[in-house]
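Heads up: the structure comes next, in structure tokens.
Bear in mind these aren't lab numbers, they're just calculated from the coordinates by the rules spelled out. From a predicted model like this one, the values you see are computed outputs, not experimental measurements. Counting neighbours? That spans all protein chains shown, and the Cβs are built from the backbone with ideal geometry, glycine included.
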Amino acid sequence: MNDKIDFLATIEKAEHQRMARRNFIRMCGGAAAMTGGLSLLSACGDDDTPNPVVTPTPTPTQSPVTDADILNFALQLEYLEGNYYSYAVAGGGIPANLRTGAGFQGSVITGSGEGAARAVNFSDPIIAQYAREIAADELAHITFLRTQLAGAAVAQPSINLSGSAAVVTPGGATVPGAFTAAARAAGVIGAAEIFDPFANDINFLIGSYLLTDVGVSAYRGSARLLTNKAFIDASAGILATEAYHDGVIRSSLYALGLSAPATSIFDKIQRISDSRDTLDGATDTDQSIGTAGNANLVPTDSNGLVLGRTANQVLNVVFLNAAVGTRSGGFFPEGVNGNIRTTIANP
Amino acid sequence: MFDDAQLTGALDRRVQRREERREFFKAAIGAAAVGASSVVFSSAANAQAANQDIDILNFALNLEYLEAQFYSYAFSGSGLPNNLLDGSTAQGARGNVIVGTTNPARAVNFSGEPLIQQYAREIAADELAHVAFLRTALSSAAVAQPTINIAGDADGPFTAAAAAAGVTLTNGVFDPYASPDNFLLGAYIFEDVGVTAYKGSSSLLTNNAFLDAAAGILAAEAFHAGIIRGALYRRGQTIPALVTASEQISNARDAVDGTTTQPGPPQTYADADQGVAPLPTPLTTERGTSTGTGANFVPTDPNGITFGRTAQQVLNIVYLNTANAAATLGGFFPAGVNGGIRTSAAK
């Protein structure tokens, strides 16, 4: 193959992306005008064929997509992660002054009894210390993003943080705790069993794997869409932090898998990974931690690049729903706040 | 301010830039002829930006050569294949790997430590993939591997780095191939630096396809560093010397890198490097402030953002440049790195 053409192909691809972004802005501006509809990052970010699926929504939103939209989307994920680690370490959610903002402010649904969001009684002090460090980082990310976004920051939405068999959403629906729903969908547990991520060290790590892997892929996927250099710089640093977290979580799971009497950890992680991959379309976005004899602690493509997701693919995963037009579900029973919030078709 | 070495470096660099630009335009003309995107190089500003991107990616490629050779030797006992080492001669000569004599670069004996062996295997594969990927992306503009010193000898760079840091030597040497723990410390010397380099460079890339790829590599390096730091943290509970060494190496990196505190982008901090010693980590949740000990497996700023370094600051570390004047070679790169960025920051 001609090397120069190779290199140019890369440049050309980037040029296509810039064009795509311009198209996105045109299309989404148009869509908003025509339908009072939505702007979706993923609707156009990756696609230079101007044929978006546009789902009308009752609430007109601002178009086109902006850096603020991307950061607010990240903030939604940080609210989820921040609350998870805060509960696991200290038995409570993020402070009230970090939850306010634009959009609909919700609460954490903890559930009750088995599976309820609560402090984990860690048996391994090292894992407890890892967890505390991660919790502090996630709180710092929430604070940082809110500060950057200032008046544009969106509120914490309702978050289903439970592993309980049944919780009631603000809308009055009775649903399983989101961790249990995710574990059932993945086949990690039976249809009538529950998965309690706060029960012990291993379950906590599996719950962490469920969330942090997704956070990494989200920051990884959105890096190229940011335009402000200071945001690119900061976002790269947050991506790195999430990847450090995930490296420790995945290697800790791997170590426990090696030392556990059964190798079921590897099987469980494989199922969760497969399930996420099924939710978010045909592209390969997810990898397990491998097997006892062959670790896969870094989820990379053949070039050694960590896998990324579009914001839309992330929504599919956190809503636990592959369907187009989904606005809520899973960990976000009332949906997310901000302009990126309804699923469209994945490539 | 300007010493001879700096001046020579600046002149060299200008010659190289001209060479690169010539290659670029050749490539651009070739592409236009086959009907590919001719808008890419429609302005001098674009060509200038492309040159900057090439310099940054080539700088990264130098670091990847170093990391890949180290892990390849440590895991398998041999280096990278020859077809991954040649490059554009206009940007610096192809060098060899100095493996040393008394404690040569060699396969670490991982018996009894299957976990660390798995880490080494996976990281070695990722680093090799990064070398191959960057070479493909840069195509004919890719630099050749410079001379790399990864000897474990008394006069090798690992011993020099450890001695400068005050790490306790064994019979006058620090040999990263002598044991799994030494391997972890050797890896720790590089991995954090690689992360800071990609973090610091990300906001300087102009082409968003490259930014996208760099984010993927940054994340992979951060996974690696998280795995290595997490392992050092855990093993440090029973072998406190590992924690001590990590702090000493961190302090040495801080002392030589010449980093100043700047808002950026890229944002940098004067004293940002961190070892893995446990830290008091208060956590403020809705239930008040919970105190406790946290790990320190992620080197972050107060915002939970992994810190970055400029390329010139990174060069001070890999050149082991303890002088205040800028350096163009030394340490792991006894003949300097190849490409447009090869002079370290003056302190």
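What order do you get for B:ILE150, A:ILE194 when you list them from fewest to most C-beta neighbours inside 10 Å?
Ordered from fewest to most neighbouring Cβ atoms within 10 Å, B:ILE150, A:ILE194 come out as A:ILE194, B:ILE150.
Output the 0 to 90 degree angle, nearest 10, between the alpha-carbon long axis of helix B:4-33 and the longest principal axis computed from the alpha carbons of chain B.
On a 0 to 90 degree scale, this one is about 60.
For chain B, take the longest principal axis of its alpha carbons; what is the angle in degrees between that and the long axis of helix B:114-138, to the nearest 10 within 0 to 90?
Between the helix axis and the principal axis of chain B, the angle is about 10 degrees.
So for chain B, taking the charge dipole from beta-carbon charges (+1 Lys/Arg, -1 Asp/Glu), which of B:PRO302, B:GLY100, B:ALA137 sits furthest toward the positive end?
B:ALA137
Mind putting a number on the dipole of region A:70-318 about its Cα centre? Charges go on the C-beta only, +1 for Lys and Arg and -1 for Asp and Glu, and I need it in Debye to the nearest 20. Could the numbers behind the result be given before it?
Details: 13 positive and 21 negative charges, 94 e Å.
In debye, rounded to 20, region A:70-318 gives about 460.
Treating only the Cβ atoms of Lys and Arg (+1) and Asp and Glu (-1) as charged, compute the dipole magnitude of chain B about its Cα centre; round to the nearest 20 debye.
Dipole magnitude for chain B comes out near 500 debye.
Whole-Hz ³J(HN,Hα) for each residue in region B:282-297, computed from phi via Karplus 6.51 cos²θ - 1.76 cosθ + 1.60 with θ = phi - 60°, x for glycine and proline: what do you get?
x, 10, 9, 10, 5, 9, x, 9, 9, 9, x, 8, x, 6, 9, 9
Cα convex hull of region A:70-318: mean projected area in nm², to one decimal? Display every interim value, and only then the final one.
Values: hull surface 52.7 nm².
For region A:70-318, averaging the hull's shadow over all directions gives 13.2 nm².
In terms of modelled amide H atoms, which long-range or inter-chain residues lie less than 5 Å from the amide H of A:ILE109?
The list, which skips near neighbours in sequence, is A:ILE159, A:ASN160, A:LEU161.
Would you mind checking which residues have amide H under 5 Å from B:VAL143's amide H? H placed 1.01 Å from N; only 5 or more apart, or other chain.
Long-range HN contacts for B:VAL143: B:SER88.
Using packing as a proxy for protection, rank A:209-222, B:249-262 so that the peptide with the highest average count of other Cβ atoms within 10 Å comes first.
Going from most to least packed, we get A:209-222, B:249-262.
Which ³J(HN,Hα) values in Hz, rounded to whole numbers, follow from the phi angles of region A:90-104 under the Karplus curve 6.51 cos²θ - 1.76 cosθ + 1.60, where θ = phi - 60° and Gly and Pro get x?
10, x, x, x, 5, x, 4, 6, 9, 9, 6, x, 5, x, 8
Report Rg (one decimal) and Dmax (nearest whole number) for region B:257-319, counting Cα atoms only, units Å.
14.7, 49
Taking amide H atoms as placed 1.01 Å from N in the peptide plane, list the residues 5 or more away in sequence, or in a different chain, whose amide H sits under 5 Å from that of B:THR268.
B:GLN262
From the phi angles alone, apply the Karplus equation (6.51, -1.76, 1.60; θ = phi - 60°) to region A:195-212 and give each ³J(HN,Hα) in whole Hz, x where the residue is Gly or Pro.
With coefficients 6.51, -1.76 and 1.60, one gets 10, 10, x, 9, 6, 6, 4, 5, 5, 4, 5, 5, x, 5, 4, 4, 9, 6 Hz.
Using a simple spin-label model with points 7 Å from Cα along the Cα→Cβ vector, what separation in nm is obtained for B:GLN48 and B:ARG94?
A separation of 3.5 nm, rounded to one decimal place.
Considering only DSSP beta bridges with both partners in chain B, what is the antiparallel share in %, to the nearest 5?
75
Given the -39500 (n - 2.57) contribution per DSSP H run of 4+ residues, what per-residue ellipticity at 222 nm results for chain B, rounded to the nearest 500 deg cm²/dmol?
About -17500 deg cm²/dmol.
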